[in-house]
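Peer 1: Dropping a structure here in structure tokens format, bear with me for questions.
The values are calculated or read from the model by the stated rules, or taken from the named source; none is laboratory data. Note that this is a predicted model, so its numbers are computed, not measured. All Cβ positions, even for glycine, are placed from backbone atoms using ideal geometry, and neighbour counts span all protein chains on display. Ligands, DNA and RNA are excluded from the accessible area calculation, which covers all protein heavy atoms including side chains. Shrake-Rupley method; radii C 1.70, N 1.55, O 1.52, S 1.80 Å.
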Amino acid sequence: MGERKGQNLYYPPDYDPKAGGLNKWQGTHALRERARKIHLGILIIRFEMPYNIWCDGCKNHIGMGVRYNAEKKKVGMYYSTPVYQFRMKCHLCDNHFEIKTDPQNLDYEIVSGARRQENRWDPTQNEQIVPETKEVQRKLFDDAMYKLEHGAKDTKAAEEAKPVLGRLFQRNDSVWRDDFEANSRLRAQFRTRKKELKLQEEKDNALLARSSLAVALLPESDNDRRMAQLMRLHSSKTVHEKDKERRNAILNRPVLPSTCSGKQSIGSKQSNAKLECKSLGIVKRPASSIGKPDSSSEQMEQEKRPKLVEIAPEKRAEATTTSKAGTDTRPQLLLCNYGSGSSDSD
């Protein structure tokens, strides 16, 4: 591949070999855009995130393995190993974060712009096999007594782990003795669970369709069932009883309600007219006595008619003053006899 690339380069007619290579003659770098900051000691590379981090700008999670175009530069030395620093921009915001190598701990260290998601733990806490350090290996090689003590500790740890390992082997043998049977049993459990979920989904969709809702329903619980039983509403009457009451109300309702109201209004008007006539002292004569004066009847009428009431001058003055003082108070009425009297003084 390299030979073909060298042969396929285009050399223009005015190319001078004395100027050096083709890139030098054209004034370009072999890495093109990746070397646009080479005069500052910065090279553009493709950097892959070594672990999970949290961006300080947008507070989003960036997973391990995400790749960025990073600016690589040398910032120091660890003995004979160079220390490089990488600067890149977050793909979710405008924040930049910097990461540098840590040759001493064989790791990467975040300089700024982000923080590491801590997933580190002590391997001795979960009973992992930890390789020996260089100091322990040096002691095992140089010190025979230390090697003997170390071997005794390893033997003791192996004896303590034998029962646990035996139980694990027995369990694996009982579960995975027949691979086909174990796989069939597992698939049957999956099918049963799938049918249950499908049935529950159909019930939820039917309930949402009846209630005209568009929300996600959570699975039921015993507490929800108890609360629903307490909050259930029952009608005091059945449907048949309500229909019976409605029919009775229709049957007992009058056919012509307007006539009844008219009669009642006429009767009330007549009673008011009678009361007004009596209060005014008007007495109706019979039809037979019209045009025929009768002394006895005239005498009876005169007795029934109201008489004049004389009011003292003091009371008249009080009445006039009270009528002048308040507009709401009405003056007292004087009833007079307007019958056929003989004298004008009445």
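Peer 1: Mind ordering 48-56, 14-22 by average Cβ neighbours within 10 Å, highest first?
Peer 2: Per-residue mean Cβ counts within 10 Å order the peptides as 48-56, 14-22.
Peer 1: Using a 1.4 angstrom probe on heavy atoms only, work out the carbon and sulfur share of the accessible area of the range 131-178 in %.
Peer 2: Carbon with sulfur: 59 percent of the solvent-accessible area.
Peer 1: Taking a quarter of the surface of the Cα convex hull of the range 17-120, what do you get in nm²?
Peer 2: Taking a quarter of the hull surface, the average projection is 8.6 nm².
Peer 1: Of the heavy-atom accessible surface of the range 17-120 (probe 1.4 angstrom), what whole percent is carbon and sulfur?
Peer 2: Carbon and sulfur together cover 48 percent of it.
Peer 1: If you roll a 1.4 Å probe over the heavy atoms of the protein chains, what accessible area per residue do you get for the range 141-211, in Å²?
Peer 2: 96 Å²
Peer 1: Okay, moving on. Percent relative contact order of the range 17-120, based on C-alpha pairs within less than 8 angstrom and at least six residues apart?
Peer 2: 20 percent
Peer 1: Another question about this same structure. Please report, in cubic angstrom per residue, the volume enclosed by the convex hull of the alpha-carbon atoms of the range 141-211.
Peer 2: Spelled out: Cα convex hull of the range 141-211, divided by residues, is 197 Å³.
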